[in-house]
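Below is one structure, written out as structure tokens; comments come after it.
The values are calculated or read from the model by the stated rules, or taken from the named source; none is laboratory data. Just so it is clear, the model here is predicted, and its values are computed rather than measured. Every residue, glycine among them, receives a Cβ derived from its backbone with ideal geometry; neighbour counts consider all protein chains shown.
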Amino acid sequence: MSPVEALLRPLKIKHLTIRNRVMSTSHAPSYGSDGKPKERYQLYHAEKAKGGIGLTMFGGSSSVALDSPAAPWNQISVADDSVVPFFQEFADRVHAHGAALMIQLTHMGRRTKWDTENWLPTMSASPKREPASRTIPKEMEDTDIRRIVADYAAAARRCKEGGLDGFELSAAHGHLIDQFWSPSVNKRTDKYGGSLENRMRFGIEVFEACREAVGDDYVIGIRMSGDELIDDGLTHEDCVTIARTYAERGLIDFANILGGQARDHLAHAIILPNMSFPVAPFLYLPSAIKREVDIPVFHAQRVTDLNTAGRAVAEGHVDMVAMTRAHIADPHLVRKLMEGRMDDIRQCVGAGYCIDRIYAGGDALCIQNAATGRERTMPHVIPKAAERKRVVVVGGGPGGLEAARVCAERGHSVVLFERNAATGGQISIAAKATWREALTGITRWLTQQATKLGADLRLGVEATPAMIEAEKPDVVILATGGHPSHGDVKGAELAATTWDMLTGAVEPADNILLYDGTGQHHASSCAEFLAKRGALVEIATADRMIAEEVGATNQPIHLRELYKLGVVMSPNLQLTEIYREGNKLVAVLRNEFTHEEEERLVDQVVVEFGTLPNEGLFLDLKERSANRGEMDLRALVEGRPQPHRGNGHAALYRIGDGVAGRNIHAAIYDAARLCKDL
């Protein structure tokens, strides 16, 4: 048996048989509505069940109590019986496709906000401020402990009544149970503080109450750290002791182990590792705990491919492996494995876009799969069209490749022109910046799929109107991308762009001012690139901080690397002018708050102001097209086909940065929702 085949073995936990060893962990995609898992939430998980997953878990940080609000990140509230009918509907929907369904229950303790929902103070073992939520909690009294233990038990009962196959209690990421466990938080001197035995007491009382509420046959698990990886926190030995103690007492039926904790920005980025980390960086932690307990051990943290997952199970490190973000990228990955189609799996590249959006107040979306989270309107499996058309796509970046893939999947005849010798577009530039190389996986997969489906990719060919018209197309899709903007700064022509530096069009000088006008990845990653080549770099921005638009799993990594490389970071400064002084350049910076000006004498100024669309070809074709290049936006948004205009000319559409500078997901979503109905 190959290691990957080990993933297809069933796993039995008490009465429950899970059909294979692949799961998706509880997470909070911000799809909840009124504290309930309604249609959008259910369809998102049902797609994974259709795709063959063994166990899908939902409701990361689902609240059990009024003083653990569900409002942040649109989470699920299990604090009253009104949620039970939604659980029943959810369970029926997932069970219909053969998968098991569980939820994560928690009390967030100090790791939430008091100024939302019920406006109640946060709670914890001790009144220590939490860096991530910035709250100072109330120290729990004995009455609070009794109340919250009862709240956990009532929530457990609701899970069973709702037809869920089980639940896990969160004792990870700095939630209430592990706030009691961890000496970094718990400074109590009563029976709930001091020794590890005492610090375990609250959690034991919670699990005992839950077990009493649901009975011995119902599946209860725990999500916990195998090592908090901080000087004043739980050690690996502490975590092994906790797992062994809870298992030996019969309180838990599985242990879902991760590495780290999430009390501050960098810790949060480590516990949710992005593409800068190796694959499965913390697998050694569940492996060690598995040797000490007689219950199944689960693990999730950057297990992005089936080969790694298969080895983890086949070699006995874990009993079940979670591929949560991998399922966001491709919810059908298990089915493709079973069908011998591993090459067709759209592999997670670790961009962190899904999680970053949540912590910025958005909903979870995959950087490369536009259907994830939009299952009601966007298909994961593209249906065939009733009528075959001739489609010409111009541009081999993510938007153009997705257009070619989807149109070919629809059964259309597709030609794609790309002026460069290889596909990739702007991803090929972004990937040159230090730890961002994995982005190329997006366009590699799209290229492979478009080719496999029969699209004719003509590389190194700059499309002209005559070339396009010679193909006699029914539809022309322009994904021509953009070019870097120099901004409207006086003397902007003296500056190089981040594109110039990353592509090697301009050699880096010794002393560089890099100005960030977007707050996205581009400037920060370019600053790292330049500093690693020996340049003295200062990065300035008008924003309040560097990489302000970059999310929680990526911004801390940028900042860590910039500090390590000695890059000077200067926020709140607007670049107003660049001028020559001898063989140097002077950059004039104005403070956003005082309006005082300061100058930098440097060898080179590099700017990042986003992109402007390459629209020459569009303007050439616009008047020759059936629709004058106009997109029916209402039809696009409502998921309807673009209206047919049969005047003997091709319909013309443009997408992605060829319309306006946005991001990878926008380009792919533009293409997918246009082409799925062509």
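Brief remarks on what is shown
- Segment 400-458 - residue that is buried (at least 24 other Cβ atoms within 10 Å of the Cβ), β-branched (V, I, T) and outside any helix (DSSP H, G or I) and, of those, farthest from the chain's Cα centre (by Cα): V414
- Any chance Y579 is crowded, with 21+ Cβ neighbours inside 10 Å and hydroxyl-bearing (S, T, Y): no
- Annotation: of all residues in segment 646-678 being buried (at least 22 other Cβ atoms within 10 Å of the Cβ) and acidic (D, E), the one that is nearest to R388 (Cα to Cα) is D670.
- Residue count, segment 323-335 (criterion: in contact (Cβ under 8 Å) with a residue 24 or more places away in the chain and either assigned to a loop (DSSP other than H, G, I, E, B) or out of contact with any strand residue (DSSP E or B) (no Cβ under 7 Å at 6 or more places or on another chain) (or both)): 9
Conditions (1) assigned to a loop (DSSP other than H, G, I, E, B); (2) modelled with pLDDT of 95 or more, marked per residue:
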residue: L266; (1), (2): no, no
residue: G310; (1), (2): no, yes
residue: L337; (1), (2): no, yes
residue: A364; (1), (2): yes, yes
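- Flag for F618 being in the same structural domain as A509 (by TED's automatic domain parsing) and either in contact with a His (Cβ under 8 Å, 6 or more places away or on another chain) or of a type in the set (F, W, Y) (or both): no
- Sub-7 Å Cβ pairs linking a first residue in segment 229-242 that is farther than 16 Å from R291 by Cβ and of a type in the set (S, T, Y) to a second residue that is buried (at least 17 other Cβ atoms within 10 Å of the Cβ) and at pLDDT 95 or above, at least 6 apart or interchain, are T235/D227, ordered by first then second residue.
- Test: L283 is outside the structural domain of A671 (by TED's automatic domain parsing), free of Cβ contacts under 8 Å to residues at least 40 places away in the same chain and aliphatic (A, V, I, L, M): yes
- Which listed residue is surrounded by fewer than 17 Cβ atoms within 10 Å (Cβ to Cβ) and either free of Cβ contacts under 8 Å to residues at least 40 places away in the same chain or over 26 Å from T241 (Cβ atoms) (or both), from D165, D151, D190: D190
- The single condition among (1) touching a Gly at 6+ places or on another chain (Cβ under 7 Å); (2) assigned to a strand (DSSP E or B) that D543 does not meet is (2).
- Residues (assigned to a loop (DSSP other than H, G, I, E, B), touching a residue at least 60 places away in the same chain (Cβ under 8 Å) and hydrophobic (A, V, I, L, M, F, W, C)) located in segment 567-616: F609
- Selection within segment 113-148 - of a type in the set (S, T, Y) and surrounded by 15 or more Cβ atoms within 10 Å (Cβ to Cβ): T122, S124, S126, S133, T135
- Apart from one condition, P69 fits all of (1) farther than 22 Å from I148 by Cα; (2) part of a loop (DSSP other than H, G, I, E, B); (3) more than 21 Å from the chain's Cα centre (by Cα); the exception is (1).
- Scanning segment 330-345 for residues that are closer than 21 Å to R405 by Cβ, out of contact with any Phe, Trp or Tyr (no Cβ under 9 Å at 6 or more places or on another chain) and not acidic (D, E) yields H332, L333, R335, K336, L337, G340, R341, M342.
- Count of residues meeting criterion [of a type in the set (V, I, T) and on the phi > 0 side of the Ramachandran plot] in segment 408-467: 1
- Residues satisfying the criterion are absent from segment 126-136 (criterion: touching a Leu at 6+ places or on another chain (Cβ under 9 Å) and assigned to a loop (DSSP other than H, G, I, E, B)).
- Filtering G226, G259, G250 for residues that are at pLDDT 95 or above and out of contact with any strand residue (DSSP E or B) (no Cβ under 7 Å at 6 or more places or on another chain) leaves a single hit, G250.
- Within segment 471-496, residues that are within 22 Å of H522 (Cβ to Cβ) have Cβ atoms under 7 Å from residues that are of a type in the set (F, W, Y) in these pairs: P484/W499; S485/F609; H486/F609; G487/F609; G491/Y579, counting only partners at least 6 apart in sequence or on another chain.
- Some residue of segment 608-623 being under 17 Å from A463 (Cβ atoms) and among the small types (G, A, S): yes
- Count of segment 617-646 residues which are in contact (Cβ under 8 Å) with a residue 12 or more places away in the chain and either outside any loop (DSSP other than H, G, I, E, B) or among the acidic types (D, E) (or both): 6
- Condition met for G340 (assigned by TED's automatic domain parsing to the domain that holds W73, surrounded by fewer than 24 Cβ atoms within 10 Å (Cβ to Cβ) and on the phi > 0 side of the Ramachandran plot): yes
- So K160, is it assigned by TED's automatic domain parsing to the domain that holds P131, among the basic types (K, R) and surrounded by 17 or more Cβ atoms within 10 Å (Cβ to Cβ): yes
- Cβ-Cβ distances below 8 Å connect the following pairs, each with a first residue in segment 264-278 that is under 12 Å from H558 (Cβ atoms), a second residue that is outside any helix (DSSP H, G or I) and aliphatic (A, V, I, L, M), and a separation of six or more residues or different chains: H265/A132; H265/A552; A269/A552; N274/A351.
- Residue that is farthest from M338 (Cα to Cα), among those in segment 268-309 that are polar (S, T, N, Q) and within 23 Å of the chain's Cα centre (by Cα): S276
- Top-ranked residue of segment 489-547 - restricted to ones that are polar (S, T, N, Q) and crowded, with 24+ Cβ neighbours inside 10 Å, ranked as farthest from R590 (Cα to Cα): S525
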